[in-house]
Every structure is written in structure tokens, then in C-alpha cells.
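A quick write-up on the structure given underneath.
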Amino acid sequence: MPEGKDQEKTEPATPKRREEARQKGQLAISREIPSVAILLTALGVFSIAGSWMFQRLSGVMRQVFQKAGGLEQMDIPFLSKIMVTMANQVFLILMPLMAAILVTGVAAHVAQIGFLFTGEPLQPKLNKLNPITGMKRFLSLRSLTELLKALVKVVIIGGVAFWVINSEIRDVPILVKLDITQILAFVGRVAFKIIFYACLVLAVMAALDYAFQRWQHEEELKMTKQEVKDEARQREGDPKVKARIRSVQVEMARRRMMEAVPEATVVVTNPTHLAVALKFEAADMVAPQVVAKGAGYVAQRIKAIAKEHNVPVIEQKPLAQALFKAVEIGGFIPSNLYRAVAEILAYVYRLKRLTS
């Protein structure tokens, strides 16, 4: 039973899992936000520069028809010239609108997922050609959700359009008395109201859709407890390998420590359980330094190496215990032990003078 529970995806995604999903293009992104942002941007551009764009476009069409009407016969070069001129003028007129839409679309995506450059989603995958897999995707929760959103948008836009047109229907009979410019202005005003109110409702839908996409993305990224453990093991390393590395490091440190024993000035012992090797050079050191220490077998090895290299071994139980507890290898003795160590060193120097 516990193993079955471990297979349930109940754990939040780790940073590593999130980064891997991001590199694969698996992100919480709502398509509704860019759509609504682009519609609102286009609406804003038309409200500010719509009359100017209409006048410019009308002027271009007027020039084209005037030139065409003044000729008795039109040939291919003339038609090509007219088409190029029209295309250039239309491009210049629509360029502010296209630039605003481009910037808005990019900004809407960046605001959701930040800057991301990855080719992972573009790589061909053979499993996508499997009709069974394709049918599963078609009948998945995500596909059904997208279908439901599309239906809701159609209903909303249709309802808004009906509401606006119904409120303006009383002015339709008056249009027969107006000229073409006024009729176009009326149609433009009604269309603007339909799009504006539809955008407001779609903006609320976009916010809800983004929240849903975030929730769905988090659910898809969830991990089982075993996956979390495996990732932690990969990140921190196999415990057996780490133990082996630590043992090798300890052995190397012990070897270096033993190599420093022959250079020691004196070895203070407990007498059998502890051994601390001290080194002191008055010209270069401010205080005696512990170059090696150990207990049990290591203490015996320190004493054996010291005897092999004629390093004095002195039994001083309280001092050996104090040095072993207070000073790490490579550290200098504390000031409260100066007197006791000085007496030991003085004794060692007298021995050296007597034997020399």
C-alpha cells in the first residue's frame, strides 16, 4: 500500500523539474491574453489614427482611379506600377498598426513566461505520428477545455453584438437620409462598441484562463515521492560513492599528517590513547603548532613514526588531553597552554643539548 501511494503525484515540482520543463517549452501560458491585448491595441490605434488612416487610404484609391480613368488603354507595365504604388502606400498606412500589434503580442508572451529561446518544441517527434496518441490528445482535458473556451467566446461575442446592435437599431432607419461618409461613421462607431465591450469580457476570461493554465501546469509538473528522492540522490550523489570519497579524503589527510610527524619538535602523549605532535620554530612561528594528532591506532602510529625519526615522545596526560580537544591540526596552541607547552619545549631543548 505505501508503494502505491508513492506513485501518486502529490509533491510540488522541484526547481530542477521546472527548469527542465521550461527548456522543453512546457509553460503555463494563456493564448487568450495575447489575443485580447492585440485586439485592445488595434482598437486603440484605430481610435487614435483611424480617421487619418481612412483619409490616406481614400486618397490613395482616388489617385489610382484618376490615373486609371484618364487612360484609354491599360497595359501590363502600367498595372504593375499601380499595384506597386498601392502596396507601398497601404504598407506605410498600416505600418503603425502592424508595429503596435507586433510589440503587444511579444510583450504579452514575455509578461507570462519571460524571455526564452529553445528549439525543443520544434524538434520532430515520431510519437506524434501515432494516431492513437493523437486521438488521446484530441480527447484530453486540455482539448475539451479549449473547445469549451471557443464556444464560450462565440456566445459572448454574439451576445455583446446582439446587445449593442439592439441598442442602436432605432437609428438604422435614419441612415437612408445620410450620405456614405456618415453611414460609414455609424457602422464604425457600432463596430467599435461591439469590439470594445467584447474585449472587456474577454479580458476577464483571459485572466481566468491564465489562472487555470497555471493550476493545470502545476498539476502536470507534480512529482511522486520516489521521483523527488531520486532527484535528490542525483543532485547530492550516491551515498555509497560519497562515503567512499570521504574515506579517501580522510586517508589522504591522515597520510599528509603522518608525513608531518618527522618534522615535529615533540610528541605529547596520554600515554597510550592520545598523541599530539607539536612543531615550534622560534624564528618563524609565533606559537607552537599542532601538526598531527590522533587517538588509538593513529596515536600509536604517530609515536612509532616519531621514534623512527628521533622526535622526543613525552608523556603528559593533562596537556595531551587539552591539546587534543582544543586545537585542530594545523592550528596554534591557545595562550592558556603556553606555560605548559613551554615547559615541555624547554625540557626537549635540554635533552637535545645533552645528546649533541
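Where a number appears in this text, it was derived from the coordinates with a stated rule and is not lab data. Because the structure is predicted, anything quoted here is derived from the model rather than measured. Using ideal geometry, Cβ is built from the backbone for each residue, glycine included, and neighbour counts are taken over all protein chains shown.
Numbers for the structure displayed
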quantity	calculated
Packing-based exposure ordering (other Cβ within 10 Å, fewest first) of ARG254, ARG339	ARG339, ARG254
For region 168-200 versus region 229-298, the gap between their alpha-carbon centres in whole angstrom	90 Å
Unsatisfied cross-links (Cα-Cα over 20 Å) in the set LYS240/LYS293; LYS153/LYS193; LYS16/LYS225; LYS279/LYS352	LYS240/LYS293
Gaussian network model of the chain, Cα within-10 Å springs - most flexible of ALA206, ALA87, ALA322	ALA322
Sorted by Cβ density within 10 Å, fewest first, the residues TYR210, TYR349	TYR349, TYR210
Range of Cα positions in the chain per principal axis (Å), largest first	132, 58, 42
Packing rank of 261-273, 219-231, where each peptide gets the mean count of other beta carbons within 10 Å, highest leading	261-273, 219-231
